[in-house]
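Enquirer: Dumping the structure here so I can ask a few things about it.
No lab work stands behind these numbers, since they all come straight from the coordinates. Please read these numbers as outputs of a predicted model, since none were measured by experiment. Note that each Cβ is placed from the backbone with ideal geometry, even for glycine, and that neighbours are counted across all protein chains shown.
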Amino acid sequence: MRTYNLLESILFPPTSLQEEKLRKTIQGKTILITGASSGIGEQLAIFLPQLNIELQLILVARRKEKLEALQQTLQSKKVTIHIISADLRVQEDMETLLKFLHQFPKGLDIVVNNAGLSINRPILQSINRFHDFTRTMAINYFAPVQLLLSVTPLLQLNHGHVINISTINALLAPIPNWAAYQASKTAFDVWLQSATPELKKVGITTTSIYLPLVKTPMIEPTEAYKHMPAMTAEHVAKIIARSMYTKQLRFKPWWLLFGEISSVLFKKIIDYFLYKNMLRR
């Protein structure tokens, strides 16, 4: 596990985890994790079996070989690992997943919506790349909406819990070069906020986890990220695990409040400096 430098230690303080409470909460539960073959999803899938309790994990991702390796490593007498190789942007794959999920007679207990796609590209470089926008909307918005619409009755059986892995960008003022990503993540964030009272009415809890930069394979192609402060996927896995028993409505970094306030109070100033910065490029 990568250790934090001084700045990261301040920005991302340790997460206190009451493992006994977590064990009691998820003992015998069925947990679905999307985007499970790497990064945050993989680390969560690795962490939960270490609790030494009976569990069913349903791991969903595109890379079948990675899922098979996880299954071989994590499967035990107490932990049953189901794997589904699926690209949730592809309707046929989504339908295969949903058909599989509806075979569980006792339904689902927890859905961790973690699969996502990040794109950092200026609009003027996207003139002939409309697919950037359809791809991000497909995985970051339409896929989780379709998934949750289908599994809501399965979650309702167990007073289930939806945990959405979101981004701090969804709570901040829009920034240049991130139109495809920020629009798609914000779209689902708003959808879930709107759906939460309705889901709560039928006994389903929701948690939105707003994350800053996280060191995962998804950010590797972006050169600018290599020297920026970032959380580890292992740390985020503990935050997700903690939310399983706290069932808090939202998690966000302690310092994000200042960014949210600035996005409102100083929006014109921020827009001005962003515009000036774009002119210098």
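Enquirer: Give me the one-decimal nm value for the distance between modelled label points at LYS99 and THR134, 7 Å along each residue's Cα-to-Cβ direction.
Expert: Roughly 2.5 nm, to one decimal.
Enquirer: So what is the relative contact order of region 176-271, in percent, for Cα pairs below 8 Å that sit 6 or more residues apart?
Expert: On the way: 49 pairs, mean separation 27.8, N = 96.
That works out to 29 percent.
Enquirer: Also, I was wondering about something else. Counting only helical runs of four or more DSSP H residues, what would the 222 nm mean residue ellipticity of the chain come to if each run contributes -39,500 (n - 2.57) and the total is spread over all its residues? Kindly include the intermediate steps, with their values, before the conclusion.
Expert: On the way: 11 runs with 128 residues, N = 281.
Roughly -14000 deg cm²/dmol at 222 nm, from the helical runs in the chain.
Enquirer: Another question about this same structure. Full-extension gain between VAL264 and GLU198, please, as 0.36 nm times their residue separation minus the C-alpha to C-alpha distance.
Expert: Length gained, VAL264 through GLU198: 20.9 nm.
Enquirer: Report Rg(Cα)/(2.2 N^0.38 Å) for region 6-280, keeping two decimals. Intermediate results must be reported in sequence, preceding the final value.
Expert: Values: Rg = 18.9 Å, N = 275, 2.2 N^0.38 = 18.6 Å.
Cα Rg divided by the expected 2.2 N^0.38 Å: 1.02.
Enquirer: Can you list the residues, at least 5 places off or on another chain, whose amide H is less than 5 Å from the amide H of PHE251, using H built in the peptide plane?
Expert: SER208, ILE209, TYR210
Enquirer: Which whole-number percentage describes the relative contact order of region 6-280, with Cα contacts under 8 Å and a sequence gap of 6 or more?
Expert: On the way: 428 pairs, mean separation 58.6, N = 275.
About 21 percent, as a whole number.
Enquirer: At a Förster radius of 35 Å, what calculated FRET efficiency corresponds to the Cβ-Cβ distance of LEU213 and LYS24, to the nearest 0.05?
Expert: Values: r = 33 Å, r/R0 = 0.95.
Result of the calculation: an efficiency of 0.60.
Enquirer: Modelled label-to-label distance, ILE175 and ARG63, 7 Å Cα→beta-carbon offset: nm?
Expert: 2.7
Enquirer: Would you kindly calculate the translational diffusion coefficient of region 199-248, applying Stokes-Einstein with the Kirkwood radius from alpha carbon pairs, for 25 °C and a viscosity of 0.890 mPa s, and quote it in µm² s⁻¹ without decimals?
Expert: Numbers: Rh = 12.9 Å.
Estimated via Stokes-Einstein, D reaches 191 µm²/s.
Enquirer: With every atom except the alpha carbons ignored, what do you get for Rg and Dmax of region 1-126, in angstroms?
Expert: 17.0, 54
Enquirer: Take each uninterrupted DSSP H stretch in the chain, measure its Cα extent along the helix axis, and return the ones at 18 Å or beyond whose mean Kyte-Doolittle hydropathy is at least 1.0. If you can, show how the numbers build up before the last one.
Expert: On the way: long enough: 143-156 (19 Å, 1.25); 179-201 (34 Å, -0.39); 233-246 (20 Å, 0.19); 267-280 (20 Å, -0.32).
Span-like helices, by this rule, are 143-156.
Enquirer: Same structure again: Of the peptides 183-191, 112-120, how do they stack up when ordered by the mean number of other Cβ atoms within 10 Å, highest first?
Expert: On the way: 183-191: 19.3, 112-120: 22.9.
The peptides rank, most packed first, as 112-120, 183-191.
Enquirer: What is the gain in length, in nm to one decimal, between THR80 and SER9 on full extension, counting 0.36 nm per residue of separation less the C-alpha to C-alpha distance? Don't jump to the answer; show the numbers that get you there.
Expert: On the way: separation 71, 0.36 × 71 = 25.56 nm, distance 3.53 nm.
Gain on stretching THR80 to SER9: 22.0 nm.
Enquirer: May I pose another question? What order do you get for 249-258, 172-181 when each peptide is scored by the mean count of other beta carbon atoms within 10 Å, highest first?
Expert: Working: 249-258: 13.6, 172-181: 17.4.
So the order, starting with the most tightly packed, is 172-181, 249-258.
Enquirer: Can you list residues whose amide H is under 5 Å from LEU55's amide H, if they're 5+ apart or on another chain and H is modeled 1.01 Å from N?
Expert: HN-HN under 5 Å from LEU55: GLY28, VAL79, THR80.
Enquirer: Using alpha carbons only, how many angstrom separate the centre of region 25-61 from the centre of region 157-195?
Expert: After rounding, the separation between the Cα centres reads 22 Å.
Enquirer: Normalise the Debye intensity by I(0) for region 116-213, one equal point scatterer per Cα, no solvent, then take log10 at q = 0.17, 0.21, 0.23 Å⁻¹ and round to two decimals.
Expert: The Debye formula, applied to the Cα set alone, gives -0.76, -1.02, -1.16.
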